[in-house]
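The values are calculated or read from the model by the stated rules, or taken from the named source; none is laboratory data. Keep in mind that what you see is a predicted model, and the values were worked out from it rather than measured. Every residue, glycine among them, receives a Cβ derived from its backbone with ideal geometry; neighbour counts consider all protein chains shown. Each accessible area value is taken on the protein alone, full model and side chains, heavy atoms only, with ligands, DNA and RNA left out. Shrake-Rupley method; radii C 1.70, N 1.55, O 1.52, S 1.80 Å.
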Amino acid sequence: FSFRKLWAFTGPGFLMSIAYLDPGNIESDLQSGAVAGFKLLWVLMLATIIGLLLQRLAARLGVVTGLHLAEVCNRQYQKVPRIILWLMVELAIIGSDMQEVIGSAIAINLLSVGKIPLWGGVLITIADTFVFLFLDKYGLRKLEAFFGFLITIMALTFGYEYITVKPDQEKLLKGLFIPYCQNCGTPQLEQAVGIVGAVIMPHNMYLHSALVKSRQVNRANKREVREANKYFFIESCIALFVSFIINIFVVTVFAEAFFEKTNADVSSVCVNASSPHSSLFPNNNQTLEVDIYKGGVVLGCYFGPAALYIWAIGILAAGQSSTMTGTYSGQFVMEGFLNLRWSRFARVLLTRSIAITPTLFVAIFQDVEHLTGMNDFLNVLMSLQLPFALIPVLTFTSLPSVMNDFANGL
């Protein structure tokens, strides 16, 4: 084992782990904490472990074959199933990108104290396309360093909320290691399913299998291939552990502070804190429902304006990083399935426009306070798209004709 070699292979796993920290994930986390307390942490942990195993298969496919998943699908499937797979993956990318762009727009709205409307925030996020192209021009290592910086911002901001709220550590450990949900009903079950849909992203398999190709590996040398597989797996373990910790921060903050709270409880605190968002919460005894926007507001009411702005900065970092990795996924998928050879700018512009256009319509015709239903729908969409990514990954990595001596036994 060599730390120098691990550093050389470090990068693709952290870019891949961004999908485990996108605004859809963060919203799923905070709703899980508010609805079920600490009881669904074990679901989050199992979903992350399953995600790690699937990402490992995707990375192995890229390392061993020198082709990413979309390219292998292009070679192995007939035209009709290939087109169906491509459309399903594009649908998943658009759905994910909508969550990410709207997450960024909500963060901008919170940071501007409502002065920048949701549609304005969506237009501002178009700028990250040009940031992506600018950084990509200077090489993948620069892009990987930038994403590392954004992950650090998320760890610091959500870690600040965790330290401020001080969740019960005994309940945290119990929720992680006891796979049971006492007195749970339909809302908790829906959240459990939502966690799986939010954590395991279909297009992330395509992304990871392509990113590992950025490292030079002599595929004629089995020892080098085996070594690359080892270091990519270690890096993926570290990256997903970091993302898991950040997700735990969000779940436990809302589990500790807002589990079983009513609208009246929050409304009275917001009024006493002279919050400009007090009208968000009607003075009734219905259970509090939170999303990314309301989550930031209630943190501000309970723990001061600093908590609200630090939350918004974390969401903005999550949204900006995940929109750029979504753009990367889109161009790999389009290149691989359709065998297109466009310029980098043209591909990025097309894939970005496909995701931005429906998001802009939603932002224009919906206000910032009524987007939770759309986010839940998009998480369900992610779950429905999963088989269209998992079947190719599981199939190809078990075929000796594709993987040679590195095929899985199962």
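One table, with the values for the structure above:
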| quantity | calculated |
| --- | --- |
| Selection within the stretch 214-230 - crowded, with 17+ Cβ neighbours inside 10 Å and closer than 20 Å to Val393 by Cα | Val225, Ala228, Asn229 |
| Pairs where the first residue, in the stretch 382-410, is among the aromatic types (Phe, Trp, Tyr) and the second is open to solvent by less than 70 Å² (accessible area, probe 1.4 Å), C-beta under 6 Å, 6+ apart | Phe388/Leu85; Phe388/Met88; Phe396/Leu61; Phe396/Val72; Phe396/Val402; Phe406/Val64 |
| Of the criteria (1) of a type in the set (Gly, Ala, Ser); (2) part of a helix (DSSP H, G or I); (3) touching a residue at least 12 places away in the same chain (Cβ under 8 Å), which one Gly114 fails | (2) |
| Selection count where residues are in contact (Cβ under 8 Å) with a residue 12 or more places away in the chain, open to solvent by 50 Å² or more (accessible area, probe 1.4 Å) and farther than 13 Å from Val165 by Cβ, scope the stretch 301-315 | 2 |
| Selection from the stretch 188-213 of residues that are surrounded by fewer than 17 Cβ atoms within 10 Å (Cβ to Cβ) and modelled with pLDDT of 85 or more | Leu189 |
| Hey, Leu53 without any contact (Cβ under 8 Å) to a residue 12 or more places away in the chain and open to solvent by 20 Å² or more (accessible area, probe 1.4 Å) or not | yes |
| Gly296 under 16 Å from Asp22 (Cβ atoms) and in contact with a helix residue (DSSP H, G or I) (Cβ under 6 Å, 6 or more places away or on another chain) | no |
| Flag if Leu386 is modelled with pLDDT of 75 or more and either farther than 30 Å from Arg75 by Cα or loosely packed, with under 15 Cβ neighbours inside 10 Å (or both) | no |
| Of the criteria (1) open to solvent by 10 Å² or more (accessible area, probe 1.4 Å); (2) more than 22 Å from His68 (Cβ to Cβ), which one Ala36 fails | (1) |
| Residues within the stretch 255-286 that are touching a residue at least 60 places away in the same chain (Cβ under 8 Å) and either open to solvent by 40 Å² or more (accessible area, probe 1.4 Å) or farther than 21 Å from Ile313 by Cβ (or both), tallied | 6 |
| Residue check, Ala58 among the hydrophobic types (A, V, I, L, M, F, W, C) and at pLDDT 90 or above | yes |
| Enumeration of residues in the stretch 145-154 that are surrounded by 13 or more Cβ atoms within 10 Å (Cβ to Cβ) and among the aromatic types (Phe, Trp, Tyr) | Phe146, Phe147 |
| Identity of the residue in the stretch 1-29, over 15 Å from Met154 (Cα atoms) and within 20 Å of the chain's Cα centre (by Cα), that ends up surrounded by the most Cβ atoms within 10 Å (Cβ to Cβ) | Met16 |
| Enumeration of residues in the stretch 25-74 that are under 17 Å from Pro392 (Cα atoms) and outside any helix (DSSP H, G or I) | Gly66, Leu67, His68 |
| Of residues in the stretch 114-131 being at pLDDT below 80 and of a type outside the set (S, T, N, Q), the one least open to solvent (accessible area, probe 1.4 Å) | Asp128 |
| Residue under evaluation Val251, criteria (1) open to solvent by less than 40 Å² (accessible area, probe 1.4 Å); (2) free of Cβ contacts under 8 Å to residues at least 60 places away in the same chain, criterion not met | (2) |
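Table: residues versus (1) open to solvent by 10 Å² or more (accessible area, probe 1.4 Å); (2) touching a strand residue (DSSP E or B) at 6+ places or on another chain (Cβ under 6 Å); (3) at pLDDT 90 or above.
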| residue | (1), (2), (3) |
| --- | --- |
| Gln31 | yes, no, no |
| Leu41 | no, no, yes |
| Ala47 | no, no, yes |
| Gly66 | yes, no, no |
| Arg75 | yes, no, no |
| Trp86 | yes, no, no |
| Val89 | no, no, no |
| Ala92 | no, no, no |
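The rows are residues; the columns are (1) basic (Lys, Arg); (2) open to solvent by 30 Å² or more (accessible area, probe 1.4 Å); (3) modelled with pLDDT of 85 or more.
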position	(1), (2), (3)
Lys137	yes, yes, no
Leu143	no, no, no
Leu156	no, yes, yes
Thr164	no, yes, yes
Gln169	no, yes, yes
Phe177	no, yes, yes
Tyr180	no, yes, yes
